[in-house]
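The values are calculated or read from the model by the stated rules, or taken from the named source; none is laboratory data. Note that the coordinates shown come from a computational prediction; the quantities given were computed from them, not determined experimentally. Note: ideal-geometry Cβ built from the backbone for every residue, glycine included; neighbour counts use all protein chains shown.
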Amino acid sequence: MKPDDLDPFIQFMNRHSLEFLEVRKGDFHLVLKRTGTSVSAEREESRGAGQKAPHPAGTGAQDAHLVEVASPLVGTFYRAPSPDSPPFVEEGTAVKPDDTLCIVEAMKVMNEIKAEHAGVVRRILVKNGTPVEYGQVLFVIERA
């Protein structure tokens, strides 16, 4: 699939003011999600029906008690609210639902990424100030 092949899907999303679009046909799977004023694309091909996407290498979230926290948008990852502030969390930090884990900046908007489950941060997979992609795993949290 070429980038130009996405245009009809993006136009459809814009025409109908959709925030999310998922298309499945055979082994083709396309997910479009609006983030701010842009649309992000995730594509899966050549996977049989019912197969899960492969686990990102090295995340260590194969245990059922471990939860991956992925970036909901493309942007820049920040561990702290400002350069002079301490990080929101460190490995080993206990968190509860709605605790802020980090910030992802997209188009000059600071988006707080919050914990969905109570637990302990086991791994931080991204370095401060680095670009992240939609769906990229940022943290691994062990559920409490």
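Side notes on the structure shown:
- Residue identified as at pLDDT 75 or above and either assigned to a loop (DSSP other than H, G, I, E, B) or assigned by TED's automatic domain parsing to the domain that holds Thr130 (or both) among Ser85, Ser46: Ser85
- For first residues located in the stretch 90-108 and closer than 12 Å to Arg79 by Cα, partners that are part of a strand (DSSP E or B) and charged (D, E, K, R) and lie 6+ apart or on another chain with Cβ distances below 8 Å form the pairs Glu91/Arg122; Glu91/Arg123; Thr100/Glu112; Thr100/Lys114; Leu101/Lys114; Cys102/Glu112; Ile103/Glu112.
- Reported count of residues in the stretch 94-114, each being part of a loop (DSSP other than H, G, I, E, B) and over 17 Å from Ala80 (Cβ atoms), is 5.
- Residues within the stretch 119-144 that are modelled with pLDDT of 95 or more, over 16 Å from Ile103 (Cβ atoms) and among the basic types (Lys, Arg), tallied: 2
- Meets criteria (outside the structural domain of Val31 (by TED's automatic domain parsing), buried (at least 19 other Cβ atoms within 10 Å of the Cβ) and under 28 Å from Phe20 (Cβ atoms)) for Val132: yes
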